[in-house]
Amino acid sequence: MAGYTEAVCRLCRREGVKIFLKGDRCFTDKCAFERRSYPPGQHGQGRGKVSEYALQLREKQKVKRMYGLLEGQFNNLFKKAERTKGVTGEVMISLLERRLDNVVYRLGLANSRREARVLVAHGLLTVNGKKVDIPSYRVKADDVIAVAENKKKVAKFTDSLKAVDRRGVPEWLFLEKDSFKGKVLREPIRSDVTFPIEEHLIVELYSK
């Protein structure tokens, strides 16, 4: 998680939903959210009604934390979504999904977005045959994302791909397991993201 060094399981509990920050652990009974689904802190179980602003803020924090962005990064991405033709909330989600670190995670080459960010930053992935070490790099249709040729024997990738059947690969991506690579078939649309996101709350927050 960019800029966050404490236990990431606290973030799932704070947002009230499992946002899968620890990869495979989130699918087991060791998941902290499964054991304690209430917010952390001494008043976590006694919080009452929340305001409209609080709901909007929590939705923004949830999405920001799920994709691992800092506040400034998220603000800049939202501004770009506003300037782009289309429904702002849907464009925002598409831009988030097209981040290289997210695509690496979606393809199953990493157990979590956090892990994917590290792999990309360390230069272990290529896009169209060229090394790209920028996690926020935005992929486009027909791009081919692959593990660098000299890194294919890294056990981390083999272990990650073992769990891909459980998570599944979204329809806008295509995975070649044996080749450690995937292809962007098209740009993602809103219906490709099944995780519960109420993007209209984020748009309302920024429109204040």
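None of the figures in this text is laboratory data; all of them are computed from the coordinates on show. Bear in mind that the values here come from a model prediction, so they are computed numbers and not experimental data. FYI the Cβ positions are ideal-geometry reconstructions off the backbone, even for glycines, and counts take in every protein chain you see.
Which stretch or stretches of the range 122-164 have amide N atoms under 17 Å from the point lying 7 Å from Ile189's Cα along the Cα→Cβ direction?
It comes to 141-142, nothing else.
Once you've got the Cα coordinates, tell me which of Lys79/Lys156; Lys131/Lys183; Lys60/Lys130; Lys130/Lys153; Lys79/Lys130 are over 24 Å apart.
Listed pairs above 24 Å: Lys79/Lys156; Lys60/Lys130; Lys79/Lys130.
Taking 7 Å along the Cα-to-C-beta vector as the label spot, tell me the Lys153-Glu198 distance in nanometres, rounded to one decimal.
5.2 nm
In terms of Cα to Cα distance under 19 Å, which aspartates and glutamates are near enough to Lys49, apart from those fewer than 8 places away along the same chain?
Here the aspartates and glutamates satisfying the reach criterion relative to Lys49 are Glu15, Glu59, Glu198.
Once you have the Cα-Cα distance between Asp133 and Ser51, take 0.36 nm times their residue separation minus that, and quote the gain in nm to one decimal.
My answer for the length gained is 25.4 nm.
Fewest first, what order do Asp159, Asp192 take by the number of other Cβ atoms within 10 Å?
Asp159, Asp192
FRET efficiency for Gln61 and Tyr206, Cβ-Cβ distance as r, R0 = 22 Å, nearest 0.05?
0.95
What shape does the range 99-187 have by the C-alpha gyration tensor, where a ≥ b ≥ c are the square roots of the eigenvalues, rounded means a/c under 1.5, and otherwise prolate means a/b greater than b/c and oblate the rest?
rounded
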